[in-house]
Amino acid sequence: MDIDGIDATATAAETLDDEDPLSSLRERFDLPDEWYLDGNSLGPASVESVAALEHVIEEWRTLGIRGWTEANPPWFWYGERLGDRVADLVGANGDEVVVGNSTTVNIHTLIGTFLDHADGTKVVVNELDFPTDHYAIRSQLRARGLDPDEHLVVVESDDGRTISEDDVREAMDSTVAILFFPSILYRSGQLFDIETLTKIAHEYGAFAGFDLAHSVGAVPHDLHALDVDFAVWCHYKYVNAGPGAVAGLYVNERHHGVTPALAGWWGHDKETQFEMALEYTPAQSAGAWQIGTVPIFAAAPLDGALSVLEEVGMAAIREKSIALTEYLIALSDERLAQRGVRIGSPRAPAERGGHVALEHDCAYALGDALRGRGYIVDVRPPDVVRVCPSPLYIGFHDVWSFVDAMVDILDSESLENSEKRGVT
């Protein structure tokens, strides 16, 4: 899209929607609000995801315990079967991916596992990470008698928005066990070059791990080809699998057979699991990092949600996502910049994920005003309104309408700094 000569009219936005091959997908989603621009926090329900949940509820009603072996598909292999499908989203072999646990639990078990098998003792992260990553890593360091203040190396940001790859390299040395980074920074939307970070880690003999929570379902990945060691992610954002949806993880096949740091019976070798041996035998796949019984009701909506992504393909999703965020940035430059709104996301599409950070000194008040008009966004401290034009159900006219509402709010309402209220 040529954003230099953008037509900022509503008619032009409607024309873009008419030309969009993905525009009809919107009809398959139940949007709780007319302008739902918060899919980077929680995606909406689709016809397919609800149908899949209702399907397993009916199986529970009619099959009971037999559902573990007689359901369609059998619940016993649910995590592995969904892992095979999710593998296509992250560029992995089927046995390298499993669906299970929560994202934070997966960080615990994988960080612990790779700390136990590393030559070094330090973990490199960054100061703009989502907090749960640090909580889990510090916990795993303490469990091994390592002082987190000494062994957690935090790369600082020069601008409060982004992290430089050069600074990451400067943080590395032979004492580093793991480089653990997000694929996308949750505030600014900076998209990291996973290939480069993986090479940096391996140059220093460290493992390369990633938190893909803000990219799976929005950005294509190629984890196996890039030689990534491990990764974690959630499915309730861009994959639209519902609140509390079961998470996913990837472990490169060369690490299969290693005993997980947090072993549980659902990660036992499936062929001998019900022999009930007291000695743990890990599955020879990513399935070994499952811990407890797969939560079928938290996994079933993913079964349906994946059908939509598989139908469209990640290339088309990413193409439209870039077009929508480019359009949002262009409209913001033209109509919002003179009203005190700053672009807090990288401008190069290759360096940006699926949302745009709009900065304003009264971000919380602005977020409240937008939600009051039916534009669902979220706010992150200190001054970021995150706007996510998710390509499966948001169109160009939606983006135009959002910017127009911003203009009206900034011109007509007296905004004052306010504290965060509630969950966004």
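Things to note:
- Label reach from PHE297 (point 7 Å along Cα→C-beta): in the stretch 68-90, amide nitrogens under 17 Å belong to 68, 75.
- Pairwise centroid distance, computed over Cα atoms, of the stretch 136-159 with the stretch 262-327, Å: 28 Å
- For the chain, the solvent-accessible area of protein heavy atoms averages 40 Å² per residue (probe radius 1.4 Å; ligands and nucleic acids excluded).
- Above 21 Å, the calculated P(r) of the stretch 229-294 contains 30 percent of its Cα-Cα pairs.
- Contour excess over end-to-end distance, with Cα ends at SER139 and THR121 and 0.36 nm allotted per residue: 5.1 nm
- Positive-end residue, the chain charge dipole about Cα centroid, Cβ charges, pick of HIS224, ALA52, SER321: ALA52
- Unit Cα scatterers, Debye sum, the stretch 199-260: log10 I(q)/I(0) for q = 0.14, 0.16, 0.20 Å⁻¹: -0.46, -0.59, -0.83
- Taking each residue as 0.36 nm, the span from LYS199 to GLU334 lengthens on full extension beyond its C-alpha to C-alpha distance by 44.7 nm.
- What a 1.4 Å probe finds exposed on the stretch 45-196 is 49% carbon and sulfur by accessible area, rounded to a whole percent.
- With a Förster radius of 35 Å applied to the beta-carbon distance between GLU14 and VAL47, the computed FRET efficiency rounds to 0.90.
- Pairwise FRET efficiency - GLU311 versus ASP404, Cβ, R0 = 45 Å, nearest 0.05: 0.90
- Net charge of Cβ neighbours under 9 Å - reference ARG342; Lys, Arg +1; Asp, Glu -1: -2
- Descending by average beta-carbon neighbour count within 10 Å, the peptides 271-277, 195-201 line up as 195-201, 271-277, the highest first.
- Its alpha carbons give the stretch 278-419 an Rg and a Dmax of 19.9, 68 Å.
- Note on the chain: with a GNM built from Cα contacts shorter than 10 Å, the maximum mean-square fluctuation among GLU156, GLU279, GLU70 falls on GLU279.
- Net charge dipole, the chain: roughly 1080 debye, given to the nearest 20, about the Cα centre with Cβ charges of +1 for Lys and Arg and -1 for Asp and Glu.
- Value in Å of the Kirkwood radius, where the chain supplies the Cα pairs that are averaged: 22.4 Å
- Alpha-carbon centroids, the stretch 38-53 and the stretch 382-398: separation in whole Å: 16 Å
- In this simple spin-label approximation, ARG254 and SER412 carry label points 7 Å from Cα along the Cα→Cβ vector, and these lie 6.1 nm apart.
- Extension gain for the segment GLN273 to ILE57, taken as residue separation times 0.36 nm less the Cα-Cα distance, is 75.2 nm to one decimal.
The values are calculated or read from the model by the stated rules, or taken from the named source; none is laboratory data. For clarity, every value in this text was computed on a predicted model and none was experimentally measured. Ideal geometry is used to build each Cβ from the backbone, glycine not excepted, and the neighbour counts take in all protein chains shown. For the accessible areas, the whole protein counts, side chains as well, though only heavy atoms, and no ligand, DNA or RNA atoms are used. Shrake-Rupley method; radii C 1.70, N 1.55, O 1.52, S 1.80 Å.
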